[in-house]
Amino acid sequence: MVDEAADHLAVLFAHAAREHPDREFLVFGSRRMTYAQVERDAVALGEALAGLGVQPGDRLAVDLPNWPEWVVTLLAAAYRGVVLVPLDPSLTAHELKYQLRHAEVRAAVVAETYEGSDFVELYDGILPDLPELRALILVGATDRWLDDRVYRYADLVSKRPATPGAIAPGDPATQPLAILYTSGTMGKPKGVVLSHANISLTARASGQALGHTGEDRVLGAVPVFTIFGMHVVAVTITAGATLVLQERFDAAGALALIRRERVTVVHGVPTMFELLMRDPSFEESKPTTCRSGLVAGSPVSPDLARRIRQWCDVQIAYGLTETGPTVTVTRFGDSPERRTHTVGQAIPGVTLKVVDLKSGVLHGPEAVGELVVKGPNVMLGYYRMPGETSRSLTAEGFLMTGDLAILDEDGYVKVVGRRAEVIIRGGYKIYPRELEDLLRTHPAVGDACVVGIPNETLGELICACVVPTEGSIVTGDELKDFCRDAVADHKVPDLVRFFDTFPLTGSGKVKRRELAQVVGLELSATT
């Protein structure tokens with residue numbers, strides 16, 4: 001039986017630091033930090049935060065890319081009992097101010113400059129409107145004059161604690177570890193409150209599915225401000241492994257890192273894996289050290305799963321920010337069909353049901369309905385949004401995912417689409433995922449996204465948005481004929497539009513609403 005305290009991220013990390021203090025934990029360019037070194041920095045930062053008046057339960061923002069300081073800040077928060085608020089470094093001043101104010105952030109660890117942006121200037125412009133924000137901690141070799149609310153990260157972590165830090169007491173199941181803001185595609189971003197147990201239990205489950213050990217070297221290229229990125233960090237900690245950070249994902253750089261650092265575990269959204277395999281250097285010298293990893297964050301077509309597994313035997317996972325994130329994951333022992341065409345079974349302790357969209361009545365096996373989830377992975381709630389929280393959770397404590405799925409008799413889940421993405425054309429329901437998977441099998445199609453476009457006669461038209469493979473020549477009519485050979489007539493796209501790239505969110509998901517708006521505006525301009 002696992003000790004309940006072991007679900008606390010700081011307890012997990014302290015244990016790893018005792019077991020193998022000299023093992024590399026973080027690799028970033030020429031920088032290499034052992035478990036013991038990271039723990040010393042985290043404890044020093046935690047003590048410095050206490051000196052700045054940041055108390056257990058207060059919110060600490062971290063506005064950094066995939067740098068070692070991000071991971072140290074996460075652990076400092078965990079040791080101190082502070083709630084971490086990860087921020088996307090590309091947020092505008094308006095978006096940034098909203099999230100900092102909504103979370104009532106007391107202190108923030110921020111890059112001095114990143115990708116040409118001066119964060120000191122950015123924060124200087126919004127600090128007058130944020131009286132709760134008492135301290136700004138800058139990461140970077142700054143020599144500029146700092147006012148009385150601004151501190152240097154390097155100065156704070158240089159004050160080495162004499163002894164390992166005490167871990168703030170708290171129940172891992174109820175003590176918040178992080179507030180992560182959703183992308184806000186359906187309105188204002190919501191702050192998802194996740195406990196230590198939410199994060200640690202899912203990390204342990206993913207590690208078990210991967211056969212993760214301390215010998216593994218993990219690519220950390222998923223943005224850490226997302227739940228998937230935080231999960232990558234947590235999975236590495238629970239396995240006692242080494243995390244090789246990439247500041248920002250680019251395929252050529254990631255492949256070079258994989259080769260140089262002999263990376264064994266690669267995590268990413270489908271787009272990342274697709275870009276890795278399309279990079280010219282991939283075919284010249286395929287990675288030979290990669291044994292597994294997680295592919296998640298958006299639908300994984302059977303063809304993509306097959307191609308990735310030719311060089312990296314990944315597991316497919318499904319989850320949400322609200323579920324910390326893992327709900328289901330495939331396993332090595334699953335049949336090839338289920339490893340490719342499903343997102344696996346629920347992780348231990350999690351109960352799944354598929355319910356009727358209108359009545360909420362439980363569906364039988366093989367029927368499409370909304371997937372609902374109950375278990376220790378489900379969030380504590382939306383921060384300062386009791387109404388949103390109650391709308392998302394049923395009276396029995398099940399989280400409504402908004403995803404449409406089929407649950408078979410053995411508990412394997414096949415996700416068919418988002419409830420909000422279902423296209424209703426002439427009374428028929430069309431699930432975009434089915435068409436997208438089909439279109440991606442066409443040799444001229446690099447990526448596909450199917451959206452609904454309002455239409456007075458049919459309700460909605462089906463529009464297939466396509467990114468062609470490099471150098472290919474294909475027409476919309478050819479792709480319609482290709483679909484017509486495989487699906488019923490009412491599912492064949494009415495429109496096909498070609499794009500060079502798709503607009504993506506920070507977590508690598510296609511902005512469907514934006515694509516639909518582009519096509520809708522184009523149609524209205526021509527009618």
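The values are calculated or read from the model by the stated rules, or taken from the named source; none is laboratory data. Just so it is clear, the model here is predicted, and its values are computed rather than measured. We place every Cβ from the backbone using ideal geometry, glycine too, and count neighbours over all the protein chains shown. Protein only, heavy atoms only, side chains kept; ligands, DNA and RNA dropped before computing areas. Shrake-Rupley method; radii C 1.70, N 1.55, O 1.52, S 1.80 Å.
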Practice task
Would you mind telling me which numbered condition in (1) at pLDDT below 95; (2) aliphatic (A, V, I, L, M); (3) in a loop (DSSP other than H, G, I, E, B) V343 fails?
Solution key: (1)
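Residues to consider are D143, D148, D155; find the one that is modelled with pLDDT of 90 or more and either open to solvent by 70 Å² or more (accessible area, probe 1.4 Å) or acidic (D, E) (or both). Show your work before the answer.
Details: D143 fails: modelled with pLDDT of 90 or more; D148 fails: modelled with pLDDT of 90 or more.
Of the residues listed, the single one that is modelled with pLDDT of 90 or more and either open to solvent by 70 Å² or more (accessible area, probe 1.4 Å) or acidic (D, E) (or both) is D155.
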Handout entry: A166, sole failed condition from (1) small (G, A, S); (2) in a loop (DSSP other than H, G, I, E, B); (3) under 22 Å from G51 (Cα atoms); (4) modelled with pLDDT of 90 or more
Key = (4)
Fill in the blank from the handout: For helices (runs of 4 or more DSSP H) lying entirely in segment 24-137, having 1 or more residues that are under 22 Å from Q175 (Cβ atoms) picks out 35-51, 68-80, 93-102
Handout entry: Enumeration of residues in segment 407-426 that are in contact with a Lys or Arg (Cβ under 7 Å, 6 or more places away or on another chain), at pLDDT below 95 and either in a loop (DSSP other than H, G, I, E, B) or over 18 Å from A296 (Cα atoms) (or both)
Key = E421, V422
Completion exercise
Per the filter on segment 377-432, residues of a type in the set (A, V, I, L, M), surrounded by fewer than 16 Cβ atoms within 10 Å (Cβ to Cβ) and farther than 30 Å from L461 by Cβ are A395
Practice task
State all residues of segment 458-482 that are more than 18 Å from F502 (Cα to Cα), charged (D, E, K, R) and loosely packed, with under 14 Cβ neighbours inside 10 Å; if no residue qualifies, say none.
Solution key: D477, E478, D481
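Residue by residue, here is whether (1) without any contact (Cβ under 8 Å) to a residue 40 or more places away in the chain; (2) within 20 Å of the chain's Cα centre (by Cα) holds:
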position	(1), (2)
A44	no, no
V54	no, no
D63	no, yes
V71	no, yes
A76	yes, no
Y79	no, no
P89	no, yes
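Can you pull out every residue in segment 16-27 that is surrounded by fewer than 20 Cβ atoms within 10 Å (Cβ to Cβ) and either in contact with a Pro (Cβ under 9 Å, 6 or more places away or on another chain) or within 20 Å of L84 (Cα to Cα) (or both)? Reasoning before the result, please.
Applying the first criterion (surrounded by fewer than 20 Cβ atoms within 10 Å (Cβ to Cβ)) to segment 16-27 yields 18-24.
If the condition is that a residue be surrounded by fewer than 20 Cβ atoms within 10 Å (Cβ to Cβ) and either in contact with a Pro (Cβ under 9 Å, 6 or more places away or on another chain) or within 20 Å of L84 (Cα to Cα) (or both), then R18 is the only one that fits.
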Completion exercise
Result of the Cβ filter at 7 Å on segment 4-32, keeping first residues that are within 17 Å of P68 (Cβ to Cβ) and partners that are assigned to a loop (DSSP other than H, G, I, E, B) and not hydrophobic (A, V, I, L, M, F, W, C), at least 6 apart or interchain, is A16/G240; R23/G214
Fill in the blank from the handout: When segment 73-126 is checked residue by residue, the ones that are surrounded by fewer than 18 Cβ atoms within 10 Å (Cβ to Cβ) and among the aromatic types (F, W, Y) are Y98
Problem - Among (1) farther than 26 Å from R278 by Cα; (2) in contact (Cβ under 8 Å) with a residue 60 or more places away in the chain, the one test that D485 misses - result: (2)
